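Peer 1: One structure, pasted below without further comment.
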Amino acid sequence: MTSADPARTPAPRSSELRSGRTRLVALIVGAAGVAVIAVVVALLLWPAGFGAPTPPGDGTQVVASALSKAHAAAATGTAGTPEHDAAVYLSAQPTAVWLTPEADPIAQVPARVAALADEARTQSATLALVIYGLPGRDCGGHSAGGLEPAAYAEWTTAIGDVLRENADVSSILILEPDSLALAPECGNADERSAQLRSAVEALAAPHTWIYLDGGHSAWLPAEQMAQLIEDVGVLDQVRGFATNVSNYNATDAEVAYAHALAALLPGARAVIDTSRNGVGSNGEWCNPSGRRVGSPGGEVHDDVVDSNLWIKPPGESDGTCNGGPTAGTWWPRAAVTLTSDAPVD
């Protein structure tokens, strides 16, 4: 016979059975341990830039935060008025949240980011943050402010620490709008590059995609903008760049610009702000009249553009121009105009 006769094969002793089970358990536990270690190492080492899992794309939905100014206006406004209806509508729209050291100082920003991460979990959405606290912000313009260099490093590290503690939440970071596109005018391109480089290192976290300032289609030529981005020296650590932030240019123009810019930055991807470009631009950038909200986030996507997003919250002023209040202040009149064509109840 080529096989053992079952009737004549002696049964294994109980000690042998126990020994076999012990070895099997040890193998299973060992394999599980290796798997856990592999997952932990992957989370710790996974880059925040190119190649990260499930990056923003078609259908991406970001948090509609109850901590927004639109939500506060909806909660305190007079029901039945156009201003209240506009605030209610805008408060429900997935929109990026801006972090500034004036509103979210170092001592308070960790709790703020943690609360936003909790909202992302509850909504099964992606957290979208605009980091806006660079030293010499806006070159003294309408959004002037920011932190001193040492404080800025501390502030961005505090934000990054919370993102790393909440690594199960996917996050999009729009890093310092206008910082690079304004640099030639401000004469501080080298300083800006160094500051942004340090900020990227401080903010990097698993499942976090960072987009540098990419200006917009009616600003700097693509070649000049690409050089400014490349000079930061972090293309291997970020996802790409953001365009049209707080501006009004038509989506088609921004998509074409993003493609021109990406062709000069191999591997870079883009997000486009469509929060207020529903009727395009009239050439003004600061509280222009007659503008409308644009396409909801997650509707624009191709081989360069990860997604369109609402980055600038509609209803917040661009600054003290064209009758507006200070930059970032809720402006009911603008909210009504922007939502004039929207399905506001």
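Read-outs: derived from the displayed coordinates by stated rules, not from any lab. Note that the structure is predicted; figures quoted are calculated from it, not measured. Virtual Cβ from ideal backbone geometry, glycine too; neighbours counted across all protein chains shown.
Peer 1: Only residues that are in a loop (DSSP other than H, G, I, E, B), under 21 Å from TRP98 (Cα atoms) and either touching a Pro at 6+ places or on another chain (Cβ under 6 Å) or acidic (Asp, Glu) (or both): list them for the stretch 271-305, please.
Peer 2: SER275, ARG276, VAL293, GLY297
Peer 1: To continue, here is another question. Within the bounds of the stretch 203-211, is there any residue that is assigned to a helix (DSSP H, G or I), in contact (Cβ under 8 Å) with a residue 40 or more places away in the chain, crowded, with 24+ Cβ neighbours inside 10 Å and not small (Gly, Ala, Ser)?
Peer 2: Yes, there is a match, as at least one residue in the stretch 203-211 is assigned to a helix (DSSP H, G or I), in contact (Cβ under 8 Å) with a residue 40 or more places away in the chain, crowded, with 24+ Cβ neighbours inside 10 Å and not small (Gly, Ala, Ser).
Peer 1: Let me ask you something else. Which of the residues that make up the stretch 62-105 are among the hydroxyl-bearing types (Ser, Thr, Tyr), free of Cβ contacts under 8 Å to residues at least 40 places away in the same chain and within 27 Å of ASP306 (Cα to Cα)?
Peer 2: Correct list: SER91 only.
Peer 1: Of the residues SER179, SER246, SER198, SER217, which single one is over 29 Å from VAL293 (Cα atoms), of a type in the set (Gly, Ala, Ser) and touching a residue at least 40 places away in the same chain (Cβ under 8 Å)?
Peer 2: Just one listed residue meets the conditions, SER198.
Peer 1: Specify the residue that is surrounded by the fewest Cβ atoms within 10 Å (Cβ to Cβ); the eligible residues are those in the stretch 253-270 that are in contact with a helix residue (DSSP H, G or I) (Cβ under 8 Å, 6 or more places away or on another chain) and part of a loop (DSSP other than H, G, I, E, B).
Peer 2: Per the criteria, the residue is LEU264.
Peer 1: Every residue in the stretch 311-341 that is within 12 Å of SER275 (Cα to Cα), touching a helix residue (DSSP H, G or I) at 6+ places or on another chain (Cβ under 9 Å) and of a type in the set (A, V, I, L, M, F, W, C), please.
Peer 2: Selection gives ALA335, LEU338.
Peer 1: Please go through the stretch 156-166 and pick out each residue that is within 14 Å of the chain's Cα centre (by Cα) and either of a type outside the set (Val, Ile, Thr) or surrounded by fewer than 19 Cβ atoms within 10 Å (Cβ to Cβ) (or both).
Peer 2: Within the stretch 156-166, GLY160, LEU163 qualify.
Peer 1: For the stretch 79-102, which residues satisfy the criterion of being touching a Pro at 6+ places or on another chain (Cβ under 6 Å) and either under 16 Å from SER340 (Cα atoms) or surrounded by fewer than 19 Cβ atoms within 10 Å (Cβ to Cβ) (or both)?
Peer 2: Residues satisfying the conditions are GLU83, LEU90.
Peer 1: Give ALA258, ALA242, ALA262, ALA268 a once-over and let me know the one that is touching a strand residue (DSSP E or B) at 6+ places or on another chain (Cβ under 7 Å), of a type outside the set (Phe, Trp, Tyr) and within 21 Å of ALA327 (Cβ to Cβ).
Peer 2: Testing whether each residue is touching a strand residue (DSSP E or B) at 6+ places or on another chain (Cβ under 7 Å), of a type outside the set (Phe, Trp, Tyr) and within 21 Å of ALA327 (Cβ to Cβ) leaves just ALA242.
Peer 1: List every residue pair whose Cβ atoms lie under 7 Å apart, where the two residues are 6 or more positions apart in sequence or sit on different chains, the first residue falls within the stretch 276-304 and is in contact (Cβ under 8 Å) with a residue 60 or more places away in the chain and within 19 Å of PRO325 (Cα to Cα), and the second residue, located anywhere, is assigned to a loop (DSSP other than H, G, I, E, B) and not charged (D, E, K, R).
Peer 2: Going by the 7 Å Cβ cut-off, the qualifying pairs are ARG276/TYR248; ARG276/VAL293; ARG276/GLY294; ARG276/PRO314; CYS286/HIS142; CYS286/GLY319; CYS286/CYS321; CYS286/ASN322.
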